Amino acid sequence: MTTHRSIVIICLLFLFPFIAFTQDIQTLDLGGKWKFRKAGGNEWKDAIVPGCVHLDLLRNKSIPDPFYRDNESSLQWIGEIGWEYLKTFTISDTVLQHIHVDLDCKGLDTYANVFINDSLVIVADNMFREWAAPIKKYIHTGENTIRIQFPAIVPENSSRYSQLPYKLPGDEKVICRKAAYHFGWDWGPVFITSGIWKPIQLRVYDDNIMLGVHYLQNFLSDSLARLTGRYMIFSVTEDTASVKIFVNGEENTVKSTLLRKGVNIIPVNFTIKNPKRWWTNGMGDPYLYNISHDIYIKNQKLNSGSTRIGLRTLMLVEQPDSAGHSFYFLLNGVPVFMKGANYIPPDNFLPRVTDSTYQALIKSAKDANMNMLRVWGGGTYEKDLFYDLCDENGILVWQDFMFACAMYPSSKTFLQNVTTEVIQNIVRLRNHPCLALWCGNNEIDEGWKNWGWQKQYNYSTEDSAAIWHGYDTLFHKILRNCVLKFDGQHPYISTSPRNGWGRTESLREGDMHYWGVWWGKETFDVYKRKIGRFVSEYGFQGFPDMKSIRLFTLPEDRILFSPVMKAHQKHPIGYETIEEYMVRDFHKPENFESYGYVSQLLQVEGIGIAMEAHRRAKPYCMGTLFWQLNDCWPVVSWSCRDYYGQPKALYYEARKDYQNVMISVVNEKGAASVYVVSDSISEIPSQLSVKVLDFNGKILSDSLINLTIPLNSSTRFFEMPLNKLLGENNQDRVFLHAELTAGKKLLADRNFYFVTPKFLKLEKPVITASVTQNAEGYSVKLTTDKLARNVYLSVPGQGQFSDNYFDLIPGMTKTVYFQTTKHFHGFKQQLKITSLFENE
């Protein structure tokens, strides 16, 4: 019989399952080899856990690659039927000698009935939660079975949705606590997964257990940090406990205390002298302290564990000012301009995402000079490794809760389920120094107020009031209170953006999603005028790399509107929108490969204008996060890295525009203005060179300015009317080249063109390449006789170029490195070099 004490413990482990247990809890892994079958079927096939049904079907060669060609459409049946998983496991006498044996399911996707030896122990309906149950009374020495039924998600959603008093925006998926992107998005396919998507294990323990630890930073100066470790222990008796704290392996503090029966929270104060601060990428070292502990009860060790923390002060500053209200992050007393992107899950089938994929993603963000990623609310709360890597690389995380672009049920059962979900994830993530912000949802407030849902769903006044009351309860009360109670050190905002992009308030306060470009079909130049205080979404689509397109297509598919290419474009008018913008600023290529190349340049043209404008507007604007960093499958999308990890032109542009010191050139009322934007916390003596050149490299004018760049600033250092700057030269045959140097070091450079690419009078360049092999790959030294715009290098082998889509100027030498782990024969012969001229 399950005792009251067992129920209390399992409830606590539900909420605090994330400490690195040692002595007090043993774990038996139930992952690895399983069997699976269709619900009601007879044939069991091999499965791997963690996993999902699509991956198991693929591994058994029961389905083709879901991402290849247009296979997506023929695989929808998988989410429309139920599935069942089975495993046999062995229990020893030793396990049964312990008082408690629990089943711990880290992630079940999504509706699941879990049986131990045919006894139902868990009924789950939330993939974002951990599920656990005491099972000692159901198991025996020797062989035991665990069987998990996964009811069909599509009909289950339909059944539950039909019981609501009214339809909700977002339709049937809102009833289901499952990653929204699995049901499709305007960059993602419909693959409705089921399965044991995270580790599954048995937890074996006796009575006294360590439940978790929360580290609070109370004070921080250059000479001293004062902290409190709050250790949560469940004790079955009144007893004496002691806690030892170690900082980077050295004993720091010991505290003894009395335990009462039940839950105990033991606060232990400790200090660190001359602390090293955690800084974001580009601002300093993201230093991490390893805080470990030993806990003893009656001189017997109960638990050991360790947590990495970073010491920093971080505030979200929202204060009235002359323009509205500020919105910026103050890190260690310094206002920091946030440079980054929105992040989506890196695959539709998350269990197959490797550690190396996460490492490559976060490294790419760091290398692109990003200091913030926004984990978007239509995906998942990421795995621990993601946040560990952000800690190590100085990448702050804007963390959405998993609600996006829909209204949600407000029943007691639904809200209780969500409450457990958010508490578990707050407790799991709260010690990470990378965590910057909790955000309740993505675009729901905007949707309710601006997208016409009330009219679309024909709500009565009473229905509207009831739905908004549910929204208010969830996002203004429950989530806010959970953050305050279980975190207390990170800010919470209820929604992003604060105001819709069509409202003037969006320019003056809060964060902003600006979709006037793309959705509103406005010109790219509008980015120079429509600047918010913190722009947390904006974007434009570009094709994936041609090397990537070849991986999911046949040659006959490589036509713009072929069925396969249409299947890999999820926006309803995506191709039409790309083309509408393309013919404004570029010559439209007829060749498919050239079209994809120019689409990437078009993406850069727009998003580059936005990134520069946002940074020039500092400190009015203090953040720019474009949509999006990555893809979940091979697709034409807004990403700067495609699904296979190939960087688009936008990636290289972001790396340039996100440098700590950046040059930005803009036409302001008929004058060329050159700005220098600096995120450095020190002044920088430097020289600014501003030249006008023709396409043969001839210098037509030359200005040199000695200057000191103010710290943390945006400053215009050069301004000249175009008629004076250019004289008799035609704007379509010349360009401005600006360089910023400190001594012999190049800090930044920028090329500025006075007309759009469509109107440039380019001539065919002759590009010369010299290739040298080295330990890490190859170096390619390039020169040209005439201006070569947007030079693109490609080879068929695996690897990545250090720079690409760059301008090559006559009289200058450009060296690019190709990094690869595999040298291959004939690199120079296979090296393809092209530029805008050849692709018009």
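Selection of strands (runs of 3 or more DSSP E) fully inside the range 290-371 by the criterion of at least 1 residues being of a type in the set (A, V, I, L, M) and within 23 Å of Val247 (Cβ to Cβ) returns 300-309, 314-317, 328-331. In the set (1) under 24 Å from Phe329 (Cβ atoms); (2) surrounded by fewer than 18 Cβ atoms within 10 Å (Cβ to Cβ), Asp487 fails one condition alone, (2). Evaluated against (1) within 23 Å of Leu760 (Cβ to Cβ); (2) surrounded by fewer than 19 Cβ atoms within 10 Å (Cβ to Cβ), Gln819 falls short on exactly one condition, (1). Selection of the range 34-57 for residues being open to solvent by 50 Å² or more (accessible area, probe 1.4 Å), touching an Asp or Glu at 6+ places or on another chain (Cβ under 8 Å) and hydrophobic (A, V, I, L, M, F, W, C) yields Ala39, Ile48. Pairs meeting the criteria (first residue in the range 25-39 and at positive phi and of a type outside the set (Asp, Glu), second residue surrounded by 14 or more Cβ atoms within 10 Å (Cβ to Cβ) and at pLDDT 95 or above, beta carbons under 8 Å, at least 6 apart or on different chains) are Gly32/Ile48; Gly32/Val49. Please find, within the range 229-269, the residue that is nearest to Ile99 (Cα to Cα) out of those that are at pLDDT 95 or above and not in a strand (DSSP E or B). Top of the filtered list is Gly249.
Under the condition of being assigned to a loop (DSSP other than H, G, I, E, B) and without any contact (Cβ under 8 Å) to a residue 60 or more places away in the chain, which residue from the range 582-604 is farthest from Pro757 (Cα to Cα)?
Only one residue fits best here, namely Glu590.
Return yes or no: is Ile423 more than 26 Å from Trp279 (Cβ to Cβ), among the β-branched types (Val, Ile, Thr) and either surrounded by fewer than 21 Cβ atoms within 10 Å (Cβ to Cβ) or in contact with a Leu (Cβ under 7 Å, 6 or more places away or on another chain) (or both)? Judged against the criteria, Ile423 is a match.
Of all the criteria given as (1) touching a helix residue (DSSP H, G or I) at 6+ places or on another chain (Cβ under 8 Å); (2) open to solvent by 50 Å² or more (accessible area, probe 1.4 Å), the one not satisfied by Pro66 is (2).
Residues that are of a type in the set (S, T, N, Q), in a helix (DSSP H, G or I) and open to solvent by less than 20 Å² (accessible area, probe 1.4 Å) within the range 84-111 are absent altogether.
Taken over the range 429-462, the criterion of being closer than 15 Å to Gly170 by Cβ and either assigned to a helix (DSSP H, G or I) or hydrophobic (A, V, I, L, M, F, W, C) (or both) is satisfied by Ile444, Asp445, Glu446, Gly447, Trp448, Trp451, Trp453, Gln454, Gln456. Looking across the range 270-283, the residues that are at negative phi and not in a strand (DSSP E or B) come down to Pro275, Lys276, Trp279, Thr280, Asn281, Met283.
For beta carbons closer than 7 Å, sequence separation of 6+ or different chains, a first residue in the range 427-443 that is in contact (Cβ under 8 Å) with a residue 60 or more places away in the chain and open to solvent by 10 Å² or more (accessible area, probe 1.4 Å) and a second that is assigned to a loop (DSSP other than H, G, I, E, B) and charged (D, E, K, R), the qualifying pairs are Arg430/Asp487.
Looking only at the range 517-547, count how many residues are over 13 Å from Ser637 (Cα atoms) and not charged (D, E, K, R).
Counting residues in the range 517-547 that are over 13 Å from Ser637 (Cα atoms) and not charged (D, E, K, R) gives 13.
When Phe752, Phe735 are checked against the criterion of being touching an Asp or Glu at 6+ places or on another chain (Cβ under 9 Å) and either assigned to a loop (DSSP other than H, G, I, E, B) or under 30 Å from Pro685 (Cα atoms) (or both), a single residue qualifies: Phe735.
Conditions (1) more than 14 Å from Trp197 (Cβ to Cβ); (2) within 28 Å of the chain's Cα centre (by Cα), marked per residue:
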residue	(1), (2)
Leu55	no, yes
Asn71	yes, yes
Thr90	yes, no
Trp131	no, yes
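Consider the range 731-769. How many of its residues are of a type in the set (S, T, N, Q) and touching a helix residue (DSSP H, G or I) at 6+ places or on another chain (Cβ under 8 Å)? The qualifying residues number 2. A count restricted to the range 211-253 and to residues that are closer than 11 Å to His293 by Cα and aliphatic (A, V, I, L, M) stands at 4.
Residue by residue, here is whether (1) of a type in the set (Val, Ile, Thr); (2) open to solvent by 20 Å² or more (accessible area, probe 1.4 Å); (3) in contact with a strand residue (DSSP E or B) (Cβ under 9 Å, 6 or more places away or on another chain); (4) free of Cβ contacts under 8 Å to residues at least 40 places away in the same chain holds:
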| residue | (1), (2), (3), (4) |
| --- | --- |
| Pro497 | no, no, yes, no |
| Gly500 | no, no, yes, no |
| Met512 | no, no, yes, yes |
| Gly520 | no, yes, no, yes |
| Thr523 | yes, yes, no, no |
| Ile531 | yes, yes, yes, no |
| Glu537 | no, no, yes, no |
| Gly542 | no, no, yes, no |
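Of the residues making up the range 545-597, those that are of a type in the set (Lys, Arg), surrounded by 14 or more Cβ atoms within 10 Å (Cβ to Cβ) and closer than 21 Å to Glu840 by Cβ number 1. Of all residues in the range 296-305, none satisfies being of a type outside the set (A, V, I, L, M), modelled with pLDDT of 95 or more and touching a strand residue (DSSP E or B) at 6+ places or on another chain (Cβ under 8 Å).
Anything in the range 815-838 that is among the aromatic types (Phe, Trp, Tyr) and within 35 Å of the chain's Cα centre (by Cα)? List them, or say none. Tyr817, Phe818, Phe824, Phe827 - these are the residues of the range 815-838 that are among the aromatic types (Phe, Trp, Tyr) and within 35 Å of the chain's Cα centre (by Cα). Whenever a residue of the range 822-834 is free of Cβ contacts under 8 Å to residues at least 40 places away in the same chain, it has no partner that is surrounded by 13 or more Cβ atoms within 10 Å (Cβ to Cβ) and among the acidic types (Asp, Glu) lying with C-beta atoms less than 8 angstrom away and at least six residues away or across chains. For the structure I just gave you, tell me whether Asn804 is on the phi > 0 side of the Ramachandran plot, touching a residue at least 60 places away in the same chain (Cβ under 8 Å) and in contact with a helix residue (DSSP H, G or I) (Cβ under 8 Å, 6 or more places away or on another chain). No. Among the residues making up the range 591-614, those that are among the hydrophobic types (A, V, I, L, M, F, W, C) and farther than 16 Å from Tyr581 by Cβ are Phe592, Met611, Ala613.
Results for (1) open to solvent by 10 Å² or more (accessible area, probe 1.4 Å); (2) among the aliphatic types (A, V, I, L, M), shown as yes or no for each residue.
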residue: Tyr652; (1), (2): yes, no
residue: Asp657; (1), (2): no, no
residue: Asn660; (1), (2): yes, no
residue: Ile663; (1), (2): no, yes
residue: Ser682; (1), (2): yes, no
residue: Ser689; (1), (2): yes, no
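Just checking, which of Gln829, Gln773 is at pLDDT below 95 and either buried (at least 17 other Cβ atoms within 10 Å of the Cβ) or out of contact with any His (no Cβ under 9 Å at 6 or more places or on another chain) (or both)?
Gln829
The values are calculated or read from the model by the stated rules, or taken from the named source; none is laboratory data. Because the structure is predicted, anything quoted here is derived from the model rather than measured. As a convention, Cβ positions derive from the backbone with ideal geometry for all residues, glycine included, and neighbour counts pool all protein chains shown. Surface areas here come from the heavy atoms of the whole protein model, side chains and all, with no ligands, DNA or RNA. Shrake-Rupley method; radii C 1.70, N 1.55, O 1.52, S 1.80 Å.
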